[in-house]
Amino acid sequence: MIDRKIVRYFDGMQAIMKKLEKDKYFFVIERRYLQELLDSQFDILEQVKTVNIGNEMRITLSIGIGDGGGSYAQCYDFARQAIDMALGRGGDQAVVKDGENIRYFGGKSNSKEKTTRVKARVKAHAFRELIENKDRLLIMGHKLMDIDSLGAAVGIWRIATTMGKEAHIVSSAVNGAIRPMLERFYNGDYPEDMFIPEEKALQLLDEDSVLVVVDTNRPSMVEGPRLLDVAKTIVVLDHHRQSQDSIRNAQLSYVETYASSACEMVAEVVQYISDDVKIRAVEADAMYAGIVIDTHNFQNQTGVRTFEAAAFLRRNGADVTRVRKLFREKLDDYRAKSEAIHNAEIYRENFALSYCDATGLDNPTVVGAQAANDLLDVIGVKASVVATTFREKVYLSARAIDEVNVQVMMEKLGGGGHRTIAGAQLSGLTQEEAMEQVKQVIDEMLLKGEIS
Ligand SMILES: [Mn+2]
């Protein structure tokens, strides 16, 4: 029906029309008809949406037109750039490129959230098509799997299992932070081989397997790097910015830096992929927890879609209190954190600096980072730095609320990170000496006007 609609529409313009693939068309029209299209505001975009033959997905059209080129070839090139733009902006729109001049039409579902949702839907369906003909999914997150990796992997596992596929999550070294959540999958309700080590995964990986990488897109960061070399079909689903060494040979790559977490993305994919996917409460907990951790309790990088994903998970049984209980701290950790906050010094009015005593703590650097986070709740504090001495090194955790860029600050000390979350490791000096260096960097940055 859509085919007929499109053909009839362009027939009216005596167009040359070729179907390139089952859902792609190429057309050439005389210039005078372009004005007609512009005047109609490309009403064909709306016309195809009215087609309803019980299709679960709403059909949308994207059009790219090249005009004003010096040759047919150049117009064709403009048209290709235009269609790329239309699709990149979320589809359901027409883009006309006339030399440097670019005009956009349609895209009535205009808000950014909604248009990018097209991408989620398209990616979800591509994912389904990709795994439909395969037997097995191997899912892995990044090294030292955190809650976001775990939740996202569990969501993908549920999708695969619902579709009747054998699925395993690759997990080798398990760190303490996720153990309570992980143990909930060892209660007999889940197959014993839901989680397998890399070695086992390597044995299972064959032509009919899909390797799904979640919560990272860097080959050097994945839980099982050797799997990447062997896998024929790779899917990447991540919310981190792509870097130089991102995974190149993925059949399907869904990297959305607007997303708060991998779990937010998987929560959307679950909803779009099929109505049959029903996630259980314990899985919803894991995914909700991933969002909570990555957004630091909905305080960072939280958009409309983050809340909608959380609402979806809540409806599917995620329990806020249960998740809170899983995140409760050991008294020793809590004391050390409180002590660090208690001893904080306010430097140059806006910088909270402190030390975290590692004595008797399992993960003192994590506690130091939490103290730095909490110090941002103090009025007037723009950035915080907590130093922790652990295994002969001084670990600096730097956090900023918004104005100060702690990434730049930590880079000056050989570290790195993001604008609001950064760190550095210094060797061969005491934590007091390290803090002196931090102060020097702050002074220097203030002097140069890099921070105010
Ligand atoms: Mn994450």
(Q) If packing is taken as the average count of other Cβ atoms within 10 Å, what order do 351-361, 264-274 fall into, highest mean first? (A) 264-274, 351-361
Q | Cα-only radius of gyration and Dmax that characterise region 2-109, units Å | A | 13.4, 45
Q: Compute the FRET efficiency between residue 161 and residue 440 as 1/(1 + (r/R0)^6), taking r as their Cβ-Cβ distance and R0 = 60 Å, and round to the nearest 0.05.
A: 0.65
Q. Expressed in nm to one decimal, what extension gain is obtained for the pair residue 342 and residue 307 from 0.36 nm per residue of sequence separation less their Cα-Cα distance?
A. 9.2 nm
Q | Among 4-12, 224-232, 24-32, the order from most to least packed when residues are scored by Cβ within 10 Å on average | A | 224-232, 4-12, 24-32
Q) How much of the accessible area of the chain, probe 1.4 Å, is carbon plus sulfur, in whole percent? A) 48 percent
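Can you list, largest first and rounded to whole Å, the semi-axes you get for region 277-420 by taking the square root of 5 times each eigenvalue of its Cα gyration tensor?
30, 19, 13
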Q. Within region 1-22, whose backbone N sits under 18 Å from a point 7 Å along Cα→Cβ of residue 28?
A. 10-21
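Taking a ≥ b ≥ c as the square roots of the eigenvalues of the Cα gyration tensor of region 116-326, is the shape rounded (a/c under 1.5), prolate (a/b larger than b/c) or oblate? Show your work: numbers first, answer last.
On the way: a/c = 1.33, a/b = 1.20, b/c = 1.11.
Judged from the Cα gyration tensor, region 116-326 comes out rounded (a/c under 1.5).
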Q. How big is the Kirkwood radius of region 284-328, worked out from every pair of different alpha carbons and given in Å to one decimal?
A. 10.3 Å
(Q) Just to be sure I understand the model, the point goes 7 Å from the Cα along the line to the Cβ. What's the resulting residue 226 to residue 101 distance in nm? (A) 6.1 nm
Q. What is the local net charge at residue 352, summed over the other residues whose Cβ is closer than 12 Å to its Cβ (Lys, Arg +1; Asp, Glu -1)?
A. -1
Q) So if R0 is 45 Å, what FRET efficiency would residue 80 and residue 379 give, r being the distance between their Cβ atoms, rounded to the nearest 0.05? A) 0.25
(Q) How long are the semi-axes of the equivalent ellipsoid of region 221-312, defined as square roots of 5 times the Cα gyration tensor eigenvalues? Whole Å, largest first. (A) 24, 17, 12
**Q.** Zone residues, region 63-88, relative to residue 38, backbone N less than 12 Å from point 7 Å out along Cα-to-Cβ
**A.** 67-68
Q: Take the alpha-carbon centre of region 146-192, take the same for region 22-70, and report the distance between them in whole Å.
A: 44 Å
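Find the relative contact order for the chain and round it to a whole percent, using C-alpha pairs within less than 8 Å whose residues are 6+ positions apart. Could the numbers behind the result be given before it?
Numbers: 817 pairs, mean separation 37.2, N = 452.
Over the chain, the number comes to 8 percent.
Before rounding to the nearest 500, sum -39500 (n - 2.57) across all DSSP H runs of length at least 4 in the chain and divide by the residue total; then give [θ] at 222 nm in deg cm²/dmol. Present the calculation step by step, with values, prior to reporting the outcome.
Values: 17 runs with 189 residues, N = 452.
Taking each H run of at least 4 residues, the total per residue is -12500 deg cm²/dmol.
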**Q.** Part-to-part distance (alpha-carbon centres) for region 252-312 and region 335-383, which is given in Å
**A.** 30 Å
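Taking the chain on its own, what percent of its Cα-Cα pair distances exceed 40 Å? Provide the component values of the computation, followed by the final result.
Numbers: 33918 of 101926 pairs.
Looking at the chain, the distances longer than 40 Å represent 33 percent of pairs.
Over all directions, what mean area does the Cα convex hull of region 380-452 project, stated in square nanometres?
Working: hull surface 17.6 nm².
Result: a mean projected hull area of 4.4 nm².
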Q. Can you give the accessible area per residue of the chain, in Å², using a 1.4 Å probe?
A. 51 Å²
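For residue 134, what is the net charge nearby, where nearby means another residue's Cβ is under 12 Å from its Cβ and Lys, Arg count +1, Asp, Glu -1?
Values: positive: 128, 136, 165, 232; negative: 129, 132, 135, 166, 206, 207, 208.
Net of charged neighbours comes to -3.
The values are calculated or read from the model by the stated rules, or taken from the named source; none is laboratory data. Since the structure is predicted, the reported quantities are computational estimates derived from the model, not experimental observations. When we count neighbours, we look across all protein chains shown, and the Cβ atoms used for this are built from the backbone with ideal geometry, even at glycine. For the accessible areas, the whole protein counts, side chains as well, though only heavy atoms, and no ligand, DNA or RNA atoms are used. Shrake-Rupley method; radii C 1.70, N 1.55, O 1.52, S 1.80 Å.
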